[in-house]
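The structure appears right after this line, and notes come after that.
The values are calculated or read from the model by the stated rules, or taken from the named source; none is laboratory data. The structure presented is a predicted model; accordingly, all values stated were derived computationally and were not measured. FYI the Cβ positions are ideal-geometry reconstructions off the backbone, even for glycines, and counts take in every protein chain you see.
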Amino acid sequence: MTEKTGRVLRIEKISLNDGPGMRTVIFLKGCPLRCAWCSTPESQQFEPEVYYVKKKCVGCGKCVKACKQQALTFNSESKTVVRNRTRCVNCFDCVAVCPTCAQGCYGKDMTVSQVMQHVHRDEVFYFHSQGGVTLSGGDILCQPEFTQAILQECQDSGIHTMAEMDMYGNYDRIGMLLPYLDAFFVDIKHMNGVEHEKWTGKKNDSILANIRRASKECIKDAIHVRVPVIWGVNDSEENIRETIEFCRELSNCAELEFLPYHRLGRSTYDYLDREYQLPALPTMTGKEIRDKLAFLKGMDLPFPVHFASNGTETE
Ligand code: SF4
Ligand code: SF4
């Protein structure tokens, strides 16, 4: 039987923010949502994408000569390479000749065994820290068979498994992964359907319905709900209270975590010649998010509430 192949964005080692202990995080390509604040825009498109990092470029011009589509020109004033994305066919000839990796490619195809080689190299860290593997994206539900095969291999090796899922669309893909997950993260971005579509490009009906159903079918306390709190988007008391009431009704909600808005990944939009969709909002500090959600104090909830501090550490 042919081994399953999937499209991987990158594999990060020794992450401390994506589940218990030290974890290997496998980021997959492809996502149906287009959140305006997305910090990994390079994960959104399923197809591999060419990018350009100005500060690494030495102006040798090799990429311009290599491009058969004449999609590249060298701007001698700014001393940068300019890509005409309408001409570019993502052949990656420019990437192959660039001596400094200023031209690069997001995404590559890997077999399950190739992914598992990375996982097995990190196993010693899992053992000492009670860690494991987390599948992330993009949205892993864009590649359910590949994800399932990796999770199954991890489970067979006794490795703790987690995943981050958008929960959008057909439930069957979620149901097929639950037996292989020890726990999983779900994001709730907005409780109002119109606002959700405005800021992410998709309605939230299937997301909320899928979270409810998964909460009944998953193992005990498997669901970790995360809310990215964005200035002026979903930070109203009304929306936060609705989110909490939604979580209160879930079976098996292990925790609710609020993540403050940050601008990590902002430069990736430049590498991809894309516009960052939000205006120039300041990063939200841990204190600001705690002050903003001070009304939560004294609420009697069946799960703990956490506030992350700027995307790095949970307080
Ligand atoms: S990916 Fe191919 S077509 Fe696009 S700029 Fe590079 S060489 Fe040209
Ligand atoms: S090949 Fe690389 S270093 Fe040379 S001009 Fe192109 S991007 Fe810059």
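Values as computed for the structure displayed
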item	result
Among the candidates 34, 10, 23, residue that is surrounded by 22 or more Cβ atoms within 10 Å (Cβ to Cβ) and basic (Lys, Arg)	23
Matching option when the condition is at positive phi and either assigned to a loop (DSSP other than H, G, I, E, B) or under 19 Å from the mean Cα position of the chain (by Cα) (or both), among 21, 6	21
Filter result for residue 141 (in a strand (DSSP E or B), modelled with pLDDT of 95 or more, of a type in the set (A, V, I, L, M) and surrounded by 22 or more Cβ atoms within 10 Å (Cβ to Cβ))	no
Residue 39 being under 17 Å from the mean Cα position of the chain (by Cα) and more than 11 Å from ligand 1 (Cβ to nearest atom)	yes
Considering residues of segment 190-221 that are in contact with a helix residue (DSSP H, G or I) (Cβ under 6 Å, 6 or more places away or on another chain) and part of a loop (DSSP other than H, G, I, E, B) only, the residue farthest from residue 251 (Cα to Cα)	203
Members of segment 95-107 found to be under 20 Å from residue 41 (Cβ atoms), within 11 Å of ligand 2 (Cβ to nearest atom) and surrounded by 13 or more Cβ atoms within 10 Å (Cβ to Cβ), listed by number	95, 102, 103, 104
Selection within segment 184-231 - in contact with a His (Cβ under 6 Å, 6 or more places away or on another chain) and over 21 Å from residue 307 (Cα atoms)	196, 204
Single residue of segment 170-188 satisfying the filter (out of contact with any Asp or Glu (no Cβ under 9 Å at 6 or more places or on another chain) and part of a loop (DSSP other than H, G, I, E, B)) that is farthest from residue 153 (Cα to Cα)	188
Total residues in segment 60-73, condition more than 11 Å from ligand 2 (Cβ to nearest atom), hydrophobic (A, V, I, L, M, F, W, C) and touching a residue at least 24 places away in the same chain (Cβ under 8 Å)	0
Residue within segment 216-230 that is touching a strand residue (DSSP E or B) at 6+ places or on another chain (Cβ under 8 Å) and closer than 17 Å to residue 194 by Cβ present	no
Hits in segment 52-68 (condition: closer than 17 Å to residue 105 by Cα and near ligand 1 (Cβ under 10 Å from one of its atoms))	52, 63, 64, 66, 67
Residues located in segment 74-103, provided they are closer than 17 Å to residue 274 by Cα, free of Cβ contacts under 8 Å to residues at least 40 places away in the same chain and within 11 Å of ligand 1 (Cβ to nearest atom)	81, 82, 84, 86, 87, 88, 89
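This table checks each residue for (1) more than 16 Å from ligand 2 (Cβ to nearest atom); (2) farther than 20 Å from residue 261 by Cα; (3) not in a helix (DSSP H, G or I).
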site	(1), (2), (3)
26	yes, yes, yes
32	yes, yes, yes
35	yes, no, yes
55	no, yes, no
58	no, yes, yes
